[in-house]
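K.L.:
Pasting a structure here, questions to come.
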Ligand code: NI
């Protein structure tokens, strides 16, 4: 496995619609492994393939120690609402308030191309919404209520 370069907002690759994955290949398996490594290295809870420059409908999520691979994800159902801070590895140091459904039911393929259904609430539901939108070229900033908050400065102030 290897770390991949995370593309930063403004990179056109983040605005493109990704293509469905038709079959698992050694190359795609490698990509998924690299995506997990890159996400954990950057202390993120989710990463979508376009964020490492690959226009495939793949995202990886780990909000609570359970890693999920979502290939060709389709959101089947949502309900409720949650409003809270959201960030993105493609926009380091910034956060914004985004309202998302509090419950999400998603259908996806795993790394063995087997279909599964995942029901999620709270942070995992938020991550699923955020990551699946990346596959359609949508950044969370299009949903931010109010201004983006610079969190880098805050972090540096409290670091020592
Ligand atoms: Ni993101």
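Every number in this text was worked out from the coordinates using simple rules, so none of it is lab data. Quantities reported herein were computed from a predicted structural model and do not represent experimental measurements. Note that each Cβ is placed from the backbone with ideal geometry, even for glycine, and that neighbours are counted across all protein chains shown.
K.L.:
Looking at (1) within 20 Å of residue 6 (Cβ to Cβ); (2) in a strand (DSSP E or B), find the lone condition where residue 146 falls short.
P.N.:
All conditions pass for residue 146, except number (1).
K.L.:
All but one of (1) away from the ligand (no atom under 12 Å from the Cβ); (2) part of a loop (DSSP other than H, G, I, E, B) hold for residue 138; state the number of the condition that does not hold.
P.N.:
With (1) away from the ligand (no atom under 12 Å from the Cβ); (2) part of a loop (DSSP other than H, G, I, E, B) applied to residue 138, the lone miss is (1).
K.L.:
Step by step: first the residues of region 15-35, then only those that are assigned to a helix (DSSP H, G or I) and within 15 Å of the ligand (Cβ to nearest atom), then the one that is surrounded by the fewest Cβ atoms within 10 Å (Cβ to Cβ). Which residue is that?
P.N.:
Applying the filter and picking the extreme gives 15.
K.L.:
Next up: Checking residue 43 against (1) touching a residue at least 24 places away in the same chain (Cβ under 8 Å); (2) closer than 27 Å to residue 147 by Cβ; (3) within 16 Å of the ligand (Cβ to nearest atom), only one condition comes out false. Which one?
P.N.:
The number of the failed condition is (1).
K.L.:
Only one of these conditions is not met by residue 123: (1) within 13 Å of the ligand (Cβ to nearest atom); (2) assigned to a helix (DSSP H, G or I). Which number is it?
P.N.:
Residue 123 satisfies all of (1) within 13 Å of the ligand (Cβ to nearest atom); (2) assigned to a helix (DSSP H, G or I) except (1).
K.L.:
Looking only at region 63-82, which residues are outside any strand (DSSP E or B) and over 24 Å from residue 149 (Cα atoms)?
P.N.:
Within region 63-82, 64, 65, 66, 67, 80 qualify.
K.L.:
If you don't mind, there's one more thing I want to ask. Residue by residue through region 50-66, note down the ones that are in contact with a helix residue (DSSP H, G or I) (Cβ under 9 Å, 6 or more places away or on another chain) and over 18 Å from residue 107 (Cβ atoms).
P.N.:
50, 51, 52, 53, 54, 55, 62, 63, 64
K.L.:
Let me ask something else about it. State whether the residues of region 50-64 include one that is without any contact (Cβ under 8 Å) to a residue 60 or more places away in the chain, surrounded by 16 or more Cβ atoms within 10 Å (Cβ to Cβ) and either away from the ligand (no atom under 15 Å from the Cβ) or over 14 Å from the mean Cα position of the chain (by Cα) (or both).
P.N.:
Yes.
K.L.:
I'm checking my understanding of the structure. Among residues of region 83-103 that are assigned to a strand (DSSP E or B) and more than 16 Å from the ligand (Cβ to nearest atom), which one is surrounded by the fewest Cβ atoms within 10 Å (Cβ to Cβ)?
P.N.:
83
K.L.:
Within region 133-148, which residues are in contact with a strand residue (DSSP E or B) (Cβ under 7 Å, 6 or more places away or on another chain) and crowded, with 16+ Cβ neighbours inside 10 Å?
P.N.:
Listed by number, the residues that qualify are 134, 135, 140, 143, 144.
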